[in-house]
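Heads up: the structure comes next, in structure tokens.
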Amino acid sequence: MEYAKPPKDVWEASFKEQIAKGAYNTSPVESLVRTAAYHMRDRHPDGDYSKLHFLEMGCGAGPNLKWAAEKGVNISGVDISTTVLELCRRNLVAAGFEKKIVKLVEASVTDVPLPDASVDGIFESCVFQHLDKKDRVKAFSEVRRLLKPGGAFFGNMLDSRHEVYQMNKDKTLPSDPGTLLLEQGGASFYLTNQGLTHFYSREDLDELLKGFSVIDPSQTIYYLPKFEAAKRGYKEPYMQSMWTVYAVK
Ligand SMILES: C[S@@+](CC[C@H](N)C(=O)[O-])C[C@H]1O[C@@H](n2cnc3c(N)ncnc32)[C@H](O)[C@@H]1O
């Protein structure tokens with residue numbers, strides 16, 4: 001059975017709206033870059049990151065890639081939105097990092113046009129969770145294929161303890177436990193209207209990252225302010241829960 005997932009045109013429409021409002025993400029995801037910084041310091045105590053190559057799968061406007069380039073890392077990004085990729089390139093060039101770009105290309109996270117074992121680090125923030133099960137498994141097999149041995153995956157991913165999941169878990173898809181079909185569409189692209197959405201359990205992560213030498217997810221819980229929750233259709237703030245996943249191949 002086919003379930004709705006945000007297709008390319010939904011992301012395009014979302015970014016057109018976000019760009020018009022100046023509302024797209026311009027900050028690195030703190031938990032991701034903090035974890036990457038620990039990993040980099042541990043593996044390269046001399047602080048020379050100029051031979052490293054990091055990829056972001058679903059790079060958006062590129063704030064995480066910009067953070068890596070500032071540290072001297074060579075960078076690649078894939079995204080399905082033409083609009084946001086153009087914006088990402090403009091942002092990286094304007095910041096002086098054109099020479100750090102290895103590849104910035106329109107492609108799906110399920111089929112990344114880079115060779116096997118060609119990257120030292122992969123960022124993923126809130127992308128794979130909107131894929132159906134088959135594509136989610138494929139995206140993680142791309143992570144495994146693309147990382148060099150000793151390379152690391154840094155993920156910012158929905159946790160099944162998230163209250164949006166806990167409030168709706170009786171509606172989880174029988175064929176894919178942990179996945180909800182949230183109402184799709186609407187002017188703004190909040191979690192509550194992103195269509196097919198997977199909330200990962202610890203068991204999911206262990207299964208998807210099977211064979212990695214380190215699988216170390218940590219959990220962050222926080223509440224949205226009441227006014228922000230109201231914009232998303234909730235009377236009360238709800239508890240958000242995210243995994244920061246650190247995994248080493
Ligand atoms: C929630 S945004 C995150 C953007 C960026 N990672 C950040 O932290 O700012 C998700 C991004 O994934 C992209 N995306 C969604 N599905 C994708 C797919 N199948 N392949 C590649 N990119 C995808 C979207 O276009 C969007 O830029």
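Worth a mention:
- Whole-Hz Karplus values for the stretch 101-116 come out as 7, 8, 8, 9, 9, 6, 6, 8, 5, 8, 7, 8, x, 9, x, 4 Hz, taken residue by residue from phi with 6.51 cos²θ - 1.76 cosθ + 1.60 and θ = phi - 60°; glycine and proline positions read x.
- Residue-count net charge about THR83 - beta-carbon cut-off 13 Å; Lys, Arg +1, Asp, Glu -1: -2
- Whichever lysines have a C-alpha closer than 21 Å to that of LYS249, once near sequence neighbours (fewer than 8 apart) are set aside: LYS51, LYS138, LYS148, LYS210
- Taking every C-alpha pair closer than 8 Å and separated by at least 6 residues, the mean separation divided by the residue count of the stretch 55-176 gives a relative contact order of 24 percent.
- When the charge dipole of the stretch 43-185 is built from unit charges on Cβ atoms (+1 for Lys and Arg, -1 for Asp and Glu) and taken about the Cα centre, the candidate among SER108, LEU65, PHE128 whose Cα reaches farthest toward its positive end is LEU65.
- A crude spin-label estimate for the pair SER218 and GLU183, with each label 7 Å from Cα along the Cβ direction, gives 3.7 nm.
- Relative contact order [Cα under 8 Å, 6+ residues apart], the chain, whole percent: 18
- Relative contact order (%) - criterion: Cα under 8 Å, at least six apart; region: the stretch 1-82: 31
- Each of GLU207 and LEU173 was given a label point 7 Å from its Cα along the Cα-to-Cβ line. The distance between the two points is 1.3 nm.
- Positive minus negative residues near ALA95 (Lys, Arg vs Asp, Glu; Cβ under 10 Å): +1
- Under the Karplus curve 6.51 cos²θ - 1.76 cosθ + 1.60, θ = phi - 60°, whole-Hz ³J(HN,Hα) for the stretch 207-224, x wherever Gly or Pro sits: 5, 5, 10, 3, x, 5, 6, 10, 10, 9, x, 10, 10, 10, 10, 8, 9, 6
- For the chain, a crude dipole built from +1 on the beta carbon of Lys and Arg and -1 on the beta carbon of Asp and Glu, taken about the Cα centre, is about 340 debye to the nearest 20.
- Across ASP79, ASP206, ASP42, mean-square fluctuation computed from a Gaussian network of the chain (C-alpha pairs under 10 Å connected) peaks at ASP42.
- The overall shape of the stretch 1-149, judged from the alpha-carbon gyration tensor, is oblate: a/c is not under 1.5, and a/b is no greater than b/c.
- Note on the stretch 1-78: with charges restricted to the Cβ of Lys and Arg (+1) and Asp and Glu (-1), its dipole about the Cα centre is near 80 debye.
- Restricting the trypsin sites (Lys or Arg not before Pro) of the stretch 22-105 to loop positions (DSSP other than H, G, I, E, B) with no more than 11 neighbouring Cβ atoms within 10 Å leaves LYS51.
- Cα→Cβ-extended label distance, 7 Å offset, between MET239 and SER27, nm: 2.3
- Long pairs among LYS71/LYS134; LYS134/LYS169; LYS99/LYS226; LYS66/LYS169, criterion Cα-Cα beyond 32 Å: LYS71/LYS134; LYS99/LYS226; LYS66/LYS169
- Most mobile of TYR223, TYR24, TYR200 in a GNM of the chain (Cα contacts under 10 Å): TYR223
- Placing unit charges on the Cβ atoms only, positive for Lys and Arg and negative for Asp and Glu, gives the stretch 39-120 a dipole magnitude near 280 debye about its Cα centre.
Rule-based calculations on the coordinates, nothing more; no lab input. On a predicted model such as this, the values are computed, not experimentally measured, just so you know. Glycine gets a Cβ as well: all are built from the backbone with ideal geometry, and neighbour counts include every protein chain shown.
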